[in-house]
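Structure first, then comments.
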Amino acid sequence: MTMTHSAIWQALQTHRQTLSALHLRDLFAQDPQRFSRYSLQAGPLFLDYSKNLITDETLSLLVSLAQQRGLPKAVEAMFSGEKINRSEQRAVLHTALRNRSTQAVFVDNRDVMPDIRRVLAQMDQFSTAVRSGQWRGYSGKPIEDVVNIGIGGSDLGPAMVCAALAADCDGPRLHFVSNVDGAHLWSVLKNLNPEQTLFIVASKTFTTQETLLNAHSARHWFLQQAREEKFIARHFVALSTNRAGVVAFGIDPANMFEFWDWVGGRYSLWSAIGLPIALAVGMQRFESLLDGAYAMDQHFREAPLHANMPVLLGLLGVWYINFFQAQTQVILPYDQGLHRFVSYIQQLSMESTGKSVTNAGQPVDYATGSIVWGSPGTNGQHAYFQLLHQGTLLIPADFIAPIRPRHPFTAHHPVLLANFLAQTEALMTGKTAAQARAELQQQGHTPERIEALLPHKCFAGNRPSNTLLFDTLDPYTLGALIALYEHKTLVQSLIWDINAFDQWGVELGKQLARGIEKELLEAQWTLPHDASTQGLIQWIRARQS
Ligand code: F6P
């Protein structure tokens with residue numbers, strides 16, 4: 001029997017209909033304890049999920065669904081190194097990278113912890129040498145700028161963390177180049193001195209076209225001034241699982257920081273891919289990031305389903321996607337440091353849950369991943385919040401904020417937090433016709449004008465949101481926050497029985513691009529194309545020649 005025909009799924013569908021008549025305002029009015037009953041603390045994070053379209057019955061049905069889908073067992077399977085990435089026959093062990101206990105973790109009967117600790121020690125040694133100025137460039141000067149060349153998971157995680165921990169950045173300046181558009185590399189390199197620049201070539205596979213092209217161009221730029229190939233060793237390091245690829249590129253394997261095929265690209269910032277973080281903030285703070293993630297791992301593994309933060313977030317997502325047909329989810333960090341967070345979660349969530357067949361390869365008959373979008377508050381309030389408040393779409397929102405800032409302009413923070421709280425309240429309560437009419441009367445409008453304006457001034461409210469609060473955005477808290485969203489993603493994939501750890505959907509475009517590149521450069525046809533693509537290629541060729 002498919003999931004959608006199961007009794008629990010049907011019960012959720014029936015229950016959802018009964019909620020149509022309810023407003024969140026009424027649910028709060030009926031239950032003075034709603035906030036305390038629907039909130040919880042996990043490590044450094046506090047979650048208020050009371051402003052969701054849920055009752056005790058909703059939660060109990062969702063938890064039953066999770067149980068029936070075998071969630072606890074499947075979570076344990078991941079932590080214990082089972083090959084849950086079935087299409088690639090790989091274990092999924094980003095959690096081992098931040099396993100701060102003495103417990104062994106086995107893949108194919110081999111404990112992976114000694115390797116993990118060896119690479120952490122190598123990162124420690126190297127980042128300390130660079131940060132202290134002991135590691136010198138070819139002309140004897142210390143490194144002042146570090147350029148990370150990578151894309152997707154080899155870029156978004158470290159770039160997001162370095163931005164979020166700006167207050168802790170006391171090492172060399174970090175730059176991130178990802179786009180194959182040469183303008184990206186040029187915008188960074190034009191301001192740098194090759195004598196004092198270190199390049200990190202970050203690629204799990206070491207076959208990614210964009211990264212290799214950017215790395216070759218960076219190498220060429222460097223050698224134009226440094227002249228001698230032997231100097232590459234002081235200025236280029238690699239983060240990869242592909243030793244042969246690294247050597248073929250010309251990077252000394254002694255300058256390679258290894259990770260393993262059981263680390264997914266979008267789950268890799270805890271591995272050697274985190275080297276830019278260690279360089280920017282120091283190894284101690286990088287380890288504190290790991291500690292925070294480990295704390296969330298422990299909570300996820302041990303807390304009962306109904307009091308488990310990633311499980312609740314995952315189930316609420318399923319509730320809106322499958323029972324309210326929500327197609328998007330907005331993430332609103334009220335913390336400028338988290339300005340790369342949404343892009344990071346986009347890859348994490350959309351590459352993981354953008355699937356339409358089950359693990360066994362059967363087409364699903366229910367919606368899976370949704371579109372993740374958003375930006376730091378308060379900017380969005382003056383741009384797209386109008387649609388959140390009065391548009392026709394239901395868009396569940398995650399509001400995220402620290403209660404203490406990490407910058408000197410502390411007088412701004414109450415203003416930021418007031419806006420943060422005001423938005424969640426406005427989305428939930430809305431404004432009734434009676435309230436709007438009273439306001440318009442007070443403003444002295446004529447009765448005709450009041451009636452004309454009234455429909456525009458009412459807010460339906462009843463729009464769901466989660467509120468995530470924490471003390472301040474330090475490495476430990478950030479580690480926990482990222483791990484929370486990783487596990488939320490896993491929970492959803494387990495409910496939907498999809499593989500959150502492969503990404504075959506990105507392959508076709510890559511294959512076609514290789515052929516089209518030849519066709520553009522060599523003016524020959526290598527692939528059969530549809531008429532539109534063929535016409536476009538000819539149009540470009542004609543104007544380039
Ligand atoms: O094309 C998608 C992808 O494979 C992502 O999953 C990955 O994070 C990114 O490309 C970069 O891959 P790599 O680290 O192997 O260069």
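The values are calculated or read from the model by the stated rules, or taken from the named source; none is laboratory data. This is a predicted model, so every value here is computed, not measured. Because the Cβ atoms are built from the backbone with ideal geometry, glycine has one as well, and the counts that use them run over all protein chains shown.
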Filtering the stretch 204-249 for residues that are small (G, A, S) and either outside the structural domain of S268 (by TED's automatic domain parsing) or within 23 Å of W135 (Cα to Cα) (or both) leaves a count of 6
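Can you say whether A483 is outside the structural domain of L313 (by TED's automatic domain parsing) and either part of a helix (DSSP H, G or I) or modelled with pLDDT of 95 or more (or both), as far as the supplied structure shows? Show your work before the answer.
Numbers: outside the structural domain of L313 (by TED's automatic domain parsing): no; either part of a helix (DSSP H, G or I) or modelled with pLDDT of 95 or more (or both): yes.
When the stated conditions are applied, A483 does not pass them.
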By residue number, the members of the stretch 336-354 that are within 16 Å of the ligand (Cβ to nearest atom) and assigned to a loop (DSSP other than H, G, I, E, B) are R340, G354
Taking the stretch 264-278 and the residues there that are in contact with a helix residue (DSSP H, G or I) (Cβ under 6 Å, 6 or more places away or on another chain) and part of a loop (DSSP other than H, G, I, E, B), the one that is farthest from the ligand (Cβ to nearest atom) would be W270
Of (1) closer than 29 Å to F501 by Cβ; (2) away from the ligand (no atom under 16 Å from the Cβ); (3) not small (G, A, S), D155 satisfies every one except (2)
State yes or no: is G292 outside the structural domain of W9 (by TED's automatic domain parsing), of a type outside the set (D, E, K, R) and more than 16 Å from the ligand (Cβ to nearest atom)? yes
Subset of the stretch 218-262, residues in contact with an Asp or Glu (Cβ under 9 Å, 6 or more places away or on another chain), surrounded by 15 or more Cβ atoms within 10 Å (Cβ to Cβ) and polar (S, T, N, Q), comes to S240, T241
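Consider the stretch 182-204. How many of its residues are more than 16 Å from the ligand (Cβ to nearest atom) and either free of Cβ contacts under 8 Å to residues at least 24 places away in the same chain or among the aliphatic types (A, V, I, L, M) (or both)? Let's see the steps before the verdict.
Residues of the stretch 182-204 more than 16 Å from the ligand (Cβ to nearest atom): 182-183, 186-198.
Checking which are either free of Cβ contacts under 8 Å to residues at least 24 places away in the same chain or among the aliphatic types (A, V, I, L, M) (or both) leaves us with 183, 186-192, 198.
Of the residues in that region, 9 qualify.
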Note on V237: of the conditions (1) within 24 Å of D502 (Cβ to Cβ); (2) assigned to a strand (DSSP E or B); (3) among the aliphatic types (A, V, I, L, M); (4) more than 23 Å from the chain's Cα centre (by Cα), unmet is (1)
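Might you let me know whether the stretch 491-507 holds any residue that is free of Cβ contacts under 8 Å to residues at least 60 places away in the same chain, in a helix (DSSP H, G or I), at negative phi and away from the ligand (no atom under 16 Å from the Cβ)? Show your work before the answer.
Going residue by residue through the stretch 491-507, those that are free of Cβ contacts under 8 Å to residues at least 60 places away in the same chain are 507.
Filter again for in a helix (DSSP H, G or I), leaving 507.
Filter again for at negative phi, leaving 507.
Cutting the leftovers down to away from the ligand (no atom under 16 Å from the Cβ) gives us none.
Among the residues of the stretch 491-507, not one is free of Cβ contacts under 8 Å to residues at least 60 places away in the same chain, in a helix (DSSP H, G or I), at negative phi and away from the ligand (no atom under 16 Å from the Cβ), which makes the answer no.
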Return yes or no: is A426 surrounded by 12 or more Cβ atoms within 10 Å (Cβ to Cβ) and in contact with a Cys (Cβ under 7 Å, 6 or more places away or on another chain)? no
In the stretch 185-215, anything closer than 16 Å to W260 by Cα and among the hydroxyl-bearing types (S, T, Y) is listed as S203, T205, T207
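Which residues, counting only those in the stretch 206-229, are assigned to a loop (DSSP other than H, G, I, E, B), free of Cβ contacts under 8 Å to residues at least 40 places away in the same chain and within 15 Å of the ligand (Cβ to nearest atom)?
Keep residues of the stretch 206-229 that are assigned to a loop (DSSP other than H, G, I, E, B), which gives 206-208, 227-228.
Okay, now just the ones that are also free of Cβ contacts under 8 Å to residues at least 40 places away in the same chain, so 207, 227.
If the condition is that a residue be assigned to a loop (DSSP other than H, G, I, E, B), free of Cβ contacts under 8 Å to residues at least 40 places away in the same chain and within 15 Å of the ligand (Cβ to nearest atom), then T207 is the only one that fits.
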Inset, instruction - State whether the residues of the stretch 131-149 include one that is within 16 Å of the ligand (Cβ to nearest atom) and more than 20 Å from L289 (Cα to Cα). - result: yes
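Could you check, for the stretch 355-370, whether at least one of its residues is assigned to a loop (DSSP other than H, G, I, E, B) and within 25 Å of L469 (Cβ to Cβ)? Outline the logic, then answer.
First pass over the stretch 355-370, keeping only residues assigned to a loop (DSSP other than H, G, I, E, B): 355-356, 358-362, 364-370.
Filter again for within 25 Å of L469 (Cβ to Cβ), leaving 370.
For the stretch 355-370, residues assigned to a loop (DSSP other than H, G, I, E, B) and within 25 Å of L469 (Cβ to Cβ): present.
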Picking from L473, L527, the residue that is in a loop (DSSP other than H, G, I, E, B), at pLDDT below 95 and in contact with a helix residue (DSSP H, G or I) (Cβ under 6 Å, 6 or more places away or on another chain) would be L527
